[in-house]
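A.B. asks: Just passing along the structure, written as structure tokens.
Rule-based calculations on the coordinates, nothing more; no lab input. What you see is a predicted model, and the numbers here were worked out from it, not measured in a lab. Virtual Cβ from ideal backbone geometry, glycine too; neighbours counted across all protein chains shown.
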Amino acid sequence: MRSKNLATMSLAFMACGFLLTLFLPENLAVILLRGGFEAGLVGGIADWFAVTALFRHP
């Protein structure tokens, strides 16, 4: 259960970071940071769907 909480907190951190960078002024550092948060968010959601599809019983 601990790993599930860690994964949820990680996904929430990525979502909050992405939303925060949407409101920051545009410069190269913010664009790169936003890209990292966005990639982490998309990858986390994709992994969640894959694990759910593989290990949940129908």
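A.B. asks: Starting from residues that are part of a helix (DSSP H, G or I) and over 18 Å from the mean Cα position of the chain (by Cα), keep the ones in region 20-58 and report whichever is nearest to Ser3 (Cα to Cα).
C.D. replies: Checking each candidate, the answer is Phe55.
A.B. asks: Also, I was wondering about something else. For region 9-30, enumerate the residues that are without any contact (Cβ under 8 Å) to a residue 24 or more places away in the chain and surrounded by 12 or more Cβ atoms within 10 Å (Cβ to Cβ).
C.D. replies: Answer for region 9-30, where residues must be without any contact (Cβ under 8 Å) to a residue 24 or more places away in the chain and surrounded by 12 or more Cβ atoms within 10 Å (Cβ to Cβ): Ala12, Phe13, Cys16, Gly17, Phe18, Leu19, Leu20, Thr21, Leu24, Val30.
A.B. asks: Can you give me the number of residues within region 1-19 that are in a helix (DSSP H, G or I) and over 18 Å from Ile45 (Cβ atoms)?
C.D. replies: The qualifying residues number 1.
A.B. asks: For region 21-56, which residues satisfy the criterion of being in contact with a helix residue (DSSP H, G or I) (Cβ under 8 Å, 6 or more places away or on another chain) and of a type in the set (A, V, I, L, M, F, W, C)?
C.D. replies: Within region 21-56, Leu22, Leu24, Val30, Leu33, Phe37, Leu41, Ile45, Trp48 qualify.
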